[in-house]
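First comes the structure, then the notes that go with it.
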Amino acid sequence: MSQQTQTLTIDGKELEFTPGETILEVARRNGIDIPTLCHLKRTAPTGACRMCVVEVQGGRALVASCAMPAAPRMVVATESEKVIEARKLILQLLLASGNHNCLVKGSDGKSYDDYLARLRKAGGNVQPCPAWGGCRLQELAWRYGVTGGRFSPTPPRYPIEDVNPFIVRDFGRCILCGRCVQACNEIQVNQAIHFGYRGAKAKIIAAGDRPYRESDCVFCGECVQACPTGALTEKDARNAARPGETRRVRTTCAYCGVGCQQDLHVKDNRIVKVTGVEGAKPNLGSLCVKGRFGFDFVSSPERLTRPLIREGDSFREASWEEALDLAARRLTAIKEKSGPESLGVLSSARITNEENYVAQKFARAVLETNHIDHCARL
Amino acid sequence: MAGLAASFGSGAMTNTIGDLEEADLFLVTGSNTTETHPVISTFIKRAVVLQGKKLIVVDPRRIVIARYAERWLRPRPGTDVAWLNGMMHVIVAEGLYNREFVEARTAGFEALQKTLEAYSPAAVEKITGIPAAELAEAARLYARAGRASIVYCMGITQHTTGTDNVKSLANLAMLCGHIGKPGTGVNPLRGQNNVQGACDMGALPDVFSGYQKVADENARKKMAAAWGVGRLPTFAGMKVTEMMPAALAGKLKGLYIIGENPAVSDADLGHVEKSLRRLEFLVVQDIFLTETAKLAHVVFPSACFAEKEGTFSNTERRVQRVRKAVEPPGEARADWKILCDLAARLGRPLAYADERAIFEEIRAVTPSYAGITYARIEEEGLHWPCPNEEHPGTPILHREQFTIGKGVFHAIDYRPPAEEADADYPLFLTTGRVLPQYHTRTMTGQTEGLNELAPESFVEISLEDARALGFDDGCLVRVASRRGSITVRLKVSPNAVQGTVFIPFHYAQAAANRLTNAALDPVCGIPEFKVCAVRLEKAA
Ligand code: SF4
Ligand code: SF4
Ligand code: SF4
């Protein structure tokens, strides 16, 4: 903190700030919601989308609050008429810049079925947007009462790219906000994607405009999580569930020792998608390809569902009663005949602390052996 | 992690993931960070690329993170003690070490200094192949950095000299005083998500939870009282690497395996399978019918991480919640429940209302976890040691003093690996992981997309070696060691360097561990996965 606190006024409130803080940061810290699209935490602001413009008293033009440092005695209005007009215009232009059919013919976002019906009526390319209900652009359009239609939509300039197992890139829904580029370069530092071409041809490209699969992309999915629209989506989740239909359960990744915090998105007792928990330590929202996409094993048909008992060279299914009884009988017999030194337990680096604790207690207090280890040496 | 424990008194990562970004320099060795700990690698890459911090990578392979490095040093596999001694030789000879720190906080410097004399960069070059000038320069960079962090993984530990390697890293950090502050330390990255927790909870032969020694009578009495049993066994427990030979010898007759697949992950595979087959009774509890489960007499179906409550402890000692998202399939049960059900039948019931009740018992008997509660870690995990509920947890270890008091320097001489390349087996083989797969693929193998990215095993070789052998990229080759052979596809890669080939260990069909050497580190019992000698032939 600096020696003397400095203040500015936002929406009539006098607020303290630390030199270097932007208007957006001060506003957010104080619960004032300035809308943003391109702004991505932990990366340098680009001011590209201009959604966060605010009016500063005495200034001639509106300023992008994400890039403008707060200054003493500044007087800022975040939702003035001028600001709202500017945001509406930006939204209209963005909605017209591609295939943003979520607002088709006055669809108001209340009902997905209504949206589908209107889409069908509209004819033409009627693919519903997989991000419907979970899109920042759509959310802002509703917030500012923008319905599209003022400018006519531009047909997509580039075809969808999905020749990889995990990510669909729908350029028609890209608003060129650059969040994915920042996520890839400034957060994951995989340096796989960047802005390519100029002007109306602008496109986010990987390795000389090739599919993700042929680039340095490692499928961490950071770009998907950062994308505010339906331009980047998880392939599997597209068909499995719409945003809003799922329940989120926060947990810890089951793979490596980083212990990333993740949200499991669950629908009908099935995980359909995984995202990183924004801002939570240790991963601050990031995941890798395994943590983000490697969840199919949970609902695999090959999962064991009943106890098995060996018979000759094969197994037969058994009840818990029978299998537990058999195990108890055989372990007891060995213990009685050859002593507890002839019994061992291998616990696991993949089960919980609670279970490892119970496993060692089981070994020492129940089987009475100290031969307990886990396989991390291997 | 016996090496670190002997040096500092604690075997865990000394610092946190978040504070890596505070380092001015990273020394990454034996860790293919971008593939095995991808999200940790982002912290290092950000610091290097966006903040201009320095990175030194020492690794036999030109791994991806080496692209970001100021310097990449390439030692011959298995020569880590030599290059580390070489770096310390330079640091001592040029007076770059932290005298104050060495005097105030460590013991054993004189002996180390004596040992280091023989390791001039020129002498070390003969052993490691690292050019003397480059090694000296790397040593100066590390010593002069304001804050330097060492990051390592299995590439350091999976050797017959693994414990020595780790002690040498600890020597280096203490010599320069790069420990006990943010952005410093010696940081082992744990491979599997809850290795740290399995160790913390006493899934080890010689300790109860919280590393309380079984050999200590007071600890035994305390646990026996807490568990309500008369007495606890006193005989020395065997490590997994001792249990297998004991099974083969018929001394170990019954084995209970929970959620592990040693039939694929163990060194010198054939030997493990034989050992497991010799058992009178094998119980396996897992979510899939793994290669190991197929050898069992009884298999119990268990619930996976998304189907139960609990905690995991990550590589930075942070205890974090695991939560139930879906129901287990069919009749599968949580691993702890199965153990409790069986215990009841063995006449010694273990009964808990739920996972929280188990955690409460853990807290009661484990001082380093005593202050952690489910309520406290609802939003953000805590780092142990956390002795009471007011304690904020301990992100950085050894701040004022080491856990054992004074840090211990170990004077260590270089010992060659158990097997070296020779006329019959002219190439070094090293094994490891690839990004899209995990361990023996019981989990990742179920995601089609991950298999698509990494469908099968391969042997990675340099263009020079491939040419010399007359092999084309993509052809099938037989890789043979003194223990066995496998047939895999050849992958010519710029990541490989001449003289060393690499095979991932994930694949059961062409298991790299059929080739590796079961020679063990005498202290840790970790097999030498990272070096053995092989020969490549055209597949028949
Ligand atoms: S998936 Fe990851 S590596 Fe690939 S483009 Fe997106 S952010 Fe970059
Ligand atoms: S793909 Fe998404 S994140 Fe990337 S520029 Fe387009 S809209 Fe923005
Ligand atoms: S998401 Fe990736 S880096 Fe994070 S814990 Fe899981 S496997 Fe490790």
In segment B:315-366, residue most open to solvent (accessible area, probe 1.4 Å) [restricted to those that are charged (D, E, K, R), farther than 20 Å from residue A:326 by Cβ and part of a helix (DSSP H, G or I)]
B:356
Residues being part of a helix (DSSP H, G or I), free of Cβ contacts under 8 Å to residues at least 40 places away in the same chain and open to solvent by less than 60 Å² (accessible area, probe 1.4 Å) - total across segment B:221-233:
2
By residue number, the members of segment A:171-203 that are within 11 Å of ligand 2 (Cβ to nearest atom), open to solvent by less than 10 Å² (accessible area, probe 1.4 Å) and either of a type in the set (Val, Ile, Thr) or not assigned by TED's automatic domain parsing to the domain that holds residue A:276 (or both) are A:193
Quick check on this structure: which one of A:225, A:262 is open to solvent by less than 50 Å² (accessible area, probe 1.4 Å), in contact with a Cys (Cβ under 7 Å, 6 or more places away or on another chain), within 14 Å of ligand 3 (Cβ to nearest atom) and not assigned by TED's automatic domain parsing to the domain that holds residue A:353?
A:262
Run down A:251, A:246 and say which single residue is of a type in the set (Ser, Thr, Tyr) and within 16 Å of ligand 3 (Cβ to nearest atom).
A:251
Of (1) farther than 23 Å from residue A:309 by Cβ; (2) in a strand (DSSP E or B); (3) β-branched (Val, Ile, Thr), residue B:299 satisfies all except one. Which?
(1)
Right, residue B:431: closer than 30 Å to residue B:184 by Cα, of a type in the set (S, T, N, Q), open to solvent by less than 30 Å² (accessible area, probe 1.4 Å) and within 14 Å of chain A (Cβ to nearest Cβ) or not?
yes
Being within 14 Å of ligand 3 (Cβ to nearest atom) and either at pLDDT 95 or above or over 13 Å from the mean Cα position of the chain (by Cα) (or both): is that true of residue A:217 here?
no
Subset of segment B:381-391 [within 14 Å of chain A (Cβ to nearest Cβ), assigned to a loop (DSSP other than H, G, I, E, B) and at pLDDT 95 or above]
B:381, B:386
Give all pairs with beta carbons closer than 6 Å in which a residue from segment A:143-157 that is surrounded by fewer than 14 Cβ atoms within 10 Å (Cβ to Cβ) meets a residue that is at pLDDT 75 or above and polar (S, T, N, Q); count only pairs at least 6 apart in sequence or on separate chains.
A:150/A:92; A:151/A:92; A:154/A:97
Do the conditions hold for residue B:174, that is, is it more than 11 Å from chain A (Cβ to nearest Cβ), of a type in the set (A, V, I, L, M, F, W, C) and buried (at least 24 other Cβ atoms within 10 Å of the Cβ)?
yes
Odd one out for residue A:276 among (1) surrounded by 24 or more Cβ atoms within 10 Å (Cβ to Cβ); (2) at the interface with chain B (Cβ under 7 Å from one of its Cβ atoms); (3) under 24 Å from residue B:323 (Cβ atoms):
(2)
So residue B:38, is it in contact (Cβ under 8 Å) with a residue 12 or more places away in the chain and farther than 30 Å from residue B:194 by Cβ:
no
For segment B:435-443, does any single residue satisfy the condition of being of a type outside the set (Ser, Thr, Tyr) and in contact with a His (Cβ under 6 Å, 6 or more places away or on another chain)?
yes
Need at least 2 residues that are surrounded by 24 or more Cβ atoms within 10 Å (Cβ to Cβ) and not polar (S, T, N, Q) per element, so show me which strands (runs of 3 or more DSSP E) inside segment A:301-378 make the cut, counting only ones lying wholly within it.
A:343-347, A:372-374
Going by the structure shown, is residue B:183 in a loop (DSSP other than H, G, I, E, B), touching a Leu at 6+ places or on another chain (Cβ under 8 Å), more than 16 Å from ligand 3 (Cβ to nearest atom) and more than 26 Å from residue B:367 (Cα to Cα)?
yes
All positions within segment A:232-256 that are within 16 Å of ligand 2 (Cβ to nearest atom) and touching a strand residue (DSSP E or B) at 6+ places or on another chain (Cβ under 7 Å):
A:232, A:233, A:234, A:235, A:237, A:238
Any idea which residue in segment A:204-214 is farthest from the other protein chains (Cβ to nearest Cβ), counting only those that are away from ligand 2 (no atom under 15 Å from the Cβ) and assigned to a helix (DSSP H, G or I)?
A:214
Determine whether segment B:438-448 contains at least one residue that is small (Gly, Ala, Ser), open to solvent by 10 Å² or more (accessible area, probe 1.4 Å), farther than 27 Å from residue A:350 by Cα and not assigned by TED's automatic domain parsing to the domain that holds residue B:61.
no
Condition set touching a residue at least 24 places away in the same chain (Cβ under 8 Å) and open to solvent by less than 50 Å² (accessible area, probe 1.4 Å), scope segment A:204-214, selection farthest from ligand 1 (Cβ to nearest atom): answer is A:211
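Each row is one residue, and each column tells you yes or no for (1) among the charged types (D, E, K, R); (2) not in a loop (DSSP other than H, G, I, E, B).
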| site | (1), (2) |
| --- | --- |
| B:178 | no, no |
| B:190 | yes, no |
| B:215 | no, no |
| B:219 | no, yes |
| B:235 | no, no |
Close pairs (6 angstrom Cβ cut-off, 6 or more residues apart or separate chains): within 13 Å of another protein chain (Cβ to nearest Cβ) and within 15 Å of ligand 1 (Cβ to nearest atom) in segment A:215-241, assigned to a loop (DSSP other than H, G, I, E, B) and aromatic (Phe, Trp, Tyr) anywhere:
A:219/A:166; A:235/A:166
Looking at segment B:58-68, which of its residues are crowded, with 22+ Cβ neighbours inside 10 Å and not in a helix (DSSP H, G or I)?
B:58, B:59, B:60, B:61, B:63
Among the candidates B:438, B:425, B:369, single out the residue that is of a type in the set (Ser, Thr, Tyr) and more than 10 Å from chain A (Cβ to nearest Cβ).
B:425
State all residues of segment B:20-55 that are of a type outside the set (Asp, Glu), more than 16 Å from ligand 3 (Cβ to nearest atom) and in a helix (DSSP H, G or I); if no residue qualifies, say none.
B:47, B:48, B:49, B:50, B:51
Quick test for you: out of B:55, B:50, B:73, pick the one residue that is more than 30 Å from residue B:111 (Cβ to Cβ) and either charged (D, E, K, R) or buried (at least 21 other Cβ atoms within 10 Å of the Cβ) (or both).
B:55
Unique residue being under 24 Å from residue A:289 (Cβ atoms), more than 14 Å from every other protein chain (Cβ to nearest Cβ), out of contact with any Cys (no Cβ under 8 Å at 6 or more places or on another chain) and away from ligand 2 (no atom under 16 Å from the Cβ) when the list is B:57, B:92, B:81, B:102
B:57
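The values are calculated or read from the model by the stated rules, or taken from the named source; none is laboratory data. Remember, it's a predicted structure, so these values are computed and weren't measured experimentally. Neighbour counts are summed over all protein chains in view; Cβ atoms, including those assigned to glycine, are modelled from backbone coordinates with ideal geometry. We work out accessible area using only protein heavy atoms, side chains counted, and drop any ligands, DNA or RNA first. Shrake-Rupley method; radii C 1.70, N 1.55, O 1.52, S 1.80 Å.
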